[in-house]
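The values are calculated or read from the model by the stated rules, or taken from the named source; none is laboratory data. Just so you know, these numbers come straight off a predicted model, no measurement behind them. Don't worry about glycine lacking a Cβ; one is built from the backbone with ideal geometry, like all the others, and counts go over all protein chains shown. Quick note on the areas: whole protein, heavy atoms, side chains included, nothing else; ligands and nucleic acids left out. Shrake-Rupley method; radii C 1.70, N 1.55, O 1.52, S 1.80 Å.
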Amino acid sequence: MIGKEHPVNIQRFKRLFALPALLALSACGGTAQPVEDALVANPDEWPSWGRTGHEAHYSPLDEIDTGNVGELKLAWHYDLESGYTPTTPLMAEGKVFITTGHSHIRAFAADTGKLLWEYDGGTRERATSSMGLGWGSKGIAYDTGKVFLVTTDGFVVALDASTGKEVWKMQDAPADGAPRQYNGPPRAFGGKVIVGFGGADISSARGFVTAYDAETGKRAWRFYSVPGDEANAGGAKADALMAKTWPSGWKKPDGSRRGGGGTAWNAFSYDPELGLIYLGLGNGFPYNTNLRSPSGGDNLFLSSIVAVKADTGEYVWHYQLCPAEQWDCTATADMTLATLEIDGKPRKVLMQAPKNGFFYVIDRASGEFISAEKIAKVTWAEKIDPKTGRPVENPGIRYQGKPGLFEMWPGPTGAHSWMPQAYSPQTGLVYVPVQDMGALIGEGQAGGGELGGGNGTTLIPEVDLPGNHRSYLKAWNPMTQKEAWRVDLPGTWPGGVLATSGGLVFQGRLDGKLVAYDAANGKEVWSFQTESPIVGAPISYRMGGRQYITVITGAGGQGVGMQTLGNQAIRTDYRLPRRVLTFALGGTDTVPPFAYEEPQPPADPTWKANPALAQTGAMNYGMNACLVCHGWNAVASGAAPDLRMSPAITDAATFRAIVKEGALKPNGMPPFPQISDTELEAIRFFLRTRAQQVSAERKALAERQAAATAKPQDFAGKWAVVIQTSAGPQQAVLDLTVSGNAVTGKTTAEQGSADLKGTYANGRIKLEGRASMPFPIAIGYDLTVREGSLTGDNSNGPFGTFPVTGVRAK
């Protein structure tokens, strides 16, 4: 029942959600669910990442609804500098608070957009490592007159919400030199500030979550997620559980750490009635469990949701998503709390759609497994056993000791990453930004592209697979574990979601649109065209009796430079204007037009093809983490500049000053002094080579999107083709046979040959095959014939997709 402390729209809520008799809604077969007081508390404000500790990204406001959303107009905006902006704003005390770049905090008047104060976290001047400087925080928190932030290099700061002045400041990261990055939003729950960090993809450092007293900054407790020597706030029970599931222990004979991880870099939730905080914990390092835990074991609390007492951090219960995880399987997606009518009784649940492709419903009081079903394409597991709650793994997914690479769905970017989902008790549906992205994975092999030193795994995250590079907004019914409706989205990186009591779901998109959907059926009812992509989630608040919607534009947030190749047809340029946009019914603001010029590669008359040097540079580019910000195969995602277009790559001295010496550190580009001069020049040559291929790749992309009129017989015979690879032009011969709409053939090149098969449709042929370079990879062709010439593109497993041109072979 709604308490008296929620006067806004109380009659509306009582009508819709009166207990114990719940009214059934007709929307999508969904059923209205009970409304918890904590879910709709303080409806005028948005003081936390998910608005409340329930992490539902749900606003109880309903002034803007499906009937009048067409009158939604821009009320105010603020232009931002280039930098990290896929973040979620806050609203409290009549102010909108945002974080951009490296903990640059701003406060605005929530009704007018007037800038009130600014604060710079100082990270760019202070950070000494690329992890400490990389990207920026996804959000901030507010409680009792203070704004809380965590800088990427690990300082927890409380600011006076009225003035922006520091109240207290603490260093969370131990002085052990382990690579850590604090890029998730802190939470302010129950008088505590909750902080986690990332870094388990490259280090076996021990994961932990820290709670600070919100008033004083004094550490309240620290919960460690994997075994170690330091005292754990989780208590003896937690330590015993961890020790039992790491039978090899966590130390090597020399005393160094063998395995670690379990970092909590994004997700926390809070139930004030139960007094529990829920921790979403991440993957282990090394990925390969034979290296991390040679004697086996589930390795708690990797890939787990853990409930702890809010006051002390004492362990209460856990649920592990992927026992003995070895696929970058994490529980770091947001955990939504709600009450659902199950078997005729209200039940307090936790709902999560994590990276592994299943949607979970768990009893949040006890940790008891209730249900889980696939929400995306999944190949690593057949199902979740309803009795044990453990996954029923598919054969082959345990890759140790097996040759070659295995196709794994979802890949390391997950079916659902950090972008917020939303839940509406009106419809009983959860609105999840979902992606279908597969990968290739196997045991680390010499020359096989092992991911990270000592990780023991070959993982190819960006690969062309059938059905790959797709994204959706899915409305999911947690009661039936079935999809209610979906919207296909452009690109492969779906934005965060907001649901409101006005029967609306808001989501930004990569193609530069903020869209409102009818929450019941997914029908688009309003949109606003922005100049830039939107990844961060919108929020809603009320001031002066008027409801507002606010969102920040800007691309970014993709993990390890992935999610770039599937977005090449979308304008995600780092230079596109980034703005705070705020909307209200009858708004009168406008934004100036933006004259966009397509970026062009710099003139480079001295460049000469050198495939061997380009290939070496490509490996150095990947192994030195350049792709983390600048994109897979140097195709930028919008998180950082596209280096193929940078004039710096044509001048060795300038390139050295930036990359090795830190000339652009004030702009957020960390120095990499460890890169040798030879490696540096190879990277620069790789980028110069990639710049030479931009024109052909753009032409191939446009050609693929154009209508094709070729007939099946036009493809038959031998073709001499040229593939514009990242290592320079490569020649091959295609020998094709066509029978009806079926196409078979063989491709022969200097590196070897492969058999192909595929189909003809709509003027094009699509072929697939397998090759060994030196490990098995998938190759493919998407081709048409225009004016007697073959044209299209070739996908070479992890190495990318490249333009193809061909003529009849003599």
For residue 236, project a label point 7 Å along Cα to C-beta. Then give me every residue of region 304-347 with its amide nitrogen under 20 Å of that point.
308-309, 312-318
By the scheme Lys and Arg +1, Asp and Glu -1, what is the net charge of all other residues having a beta-carbon under 10 Å from that of residue 38?
-4
With a ≥ b ≥ c the root eigenvalues of the C-alpha gyration tensor of region 706-808, is it rounded (a/c under 1.5), prolate (a/b larger than b/c) or oblate?
prolate
Quick one: pull the percentage of alpha-carbon pairs in the chain with a separation above 35 Å.
47
Please report, in debye to the nearest 20, how large the charge dipole of region 611-704 is about its Cα centre when each Lys and Arg carries +1 at its beta carbon and each Asp and Glu carries -1 there.
220
Greater than 27 Å apart at Cα, pairs in 192/251; 146/309; 252/402; 165/665; 95/169:
192/251
From the residues 489, 397, 123, which one has its Cα farthest along the dipole of the chain in the positive direction, the dipole being from +1 and -1 charges on Cβ of Lys/Arg and Asp/Glu about the Cα centre?
397
Placing unit charges on C-beta atoms (Lys and Arg positive, Asp and Glu negative, everything else neutral), compute the dipole magnitude of the chain about its Cα centre in debye, rounded to 20.
840
What does the charge dipole of region 706-808 about its Cα centre add up to, to the nearest 20 debye, if the Cβ of each Lys and Arg holds +1 and the Cβ of each Asp and Glu holds -1?
180
Sorted by packing (mean other beta-carbon atoms within 10 Å per residue), highest first, where do 536-542, 62-68 land?
536-542, 62-68
How would you rank 740-751, 178-189, 375-386, 76-87, highest first, on the average number of other Cβ atoms within 10 Å across their residues?
178-189, 76-87, 375-386, 740-751
Counting only helical runs of four or more DSSP H residues, what would the 222 nm mean residue ellipticity of the chain come to if each run contributes -39,500 (n - 2.57) and the total is spread over all its residues?
-3000 deg cm²/dmol
Length gained if residue 363 through residue 709 is fully extended, taking 0.36 nm per residue and subtracting the Cα-Cα distance, is 118.9 nm
Assuming R0 = 60 Å, what is the FRET efficiency of residue 112 and residue 718, from their Cβ-Cβ distance, to the nearest 0.05?
0.30
If you count, for each residue, the other Cβ atoms within 10 Å and average over each peptide, how do 664-675, 44-55 line up from highest to lowest?
44-55, 664-675
Under a Cβ-Cβ cut-off of 15 Å, what is the net charge of the residues other than residue 145 that fall near it, where Lys and Arg count +1 and Asp and Glu count -1?
-4
Determine which lysines satisfy two conditions relative to residue 608: a Cα distance under 22 Å, and not lying fewer than 8 residues away in the same chain.
699
Among 555, 235, 297 the positive-end extreme of the charge dipole of the chain (Cβ point charges)
297
Distance between modelled label sites at residue 93 and residue 809, nm, 7 Å Cα→Cβ extension:
7.3
If you take the beta carbon distance between residue 312 and residue 175 as r and set R0 to 25 Å, what does 1/(1 + (r/R0)^6) give as a FRET efficiency, to the nearest 0.05?
0.45
The FRET efficiency for residue 766 and residue 789, from their Cβ-Cβ distance with R0 = 25 Å and rounded to 0.05, is 0.85
Heavy-atom accessible area of region 706-808 with neighbours in place, 1.4 angstrom probe: carbon+sulfur share in percent works out to 52
Total formal charge among the other residues, if their Cβ is under 11 angstrom from that of residue 373, Lys/Arg +1 and Asp/Glu -1:
+2
Among 781, 738, 758 - extreme Cα towards positive end, dipole of region 706-808, charges at beta-carbon
738
With a 1.4 angstrom probe the carbon and sulfur portion of accessible area for region 22-155, in percent, totals 50
What does the extension gain come out to for residue 295 and residue 750, with contour length at 0.36 nm per residue minus their alpha carbon separation?
159.4 nm
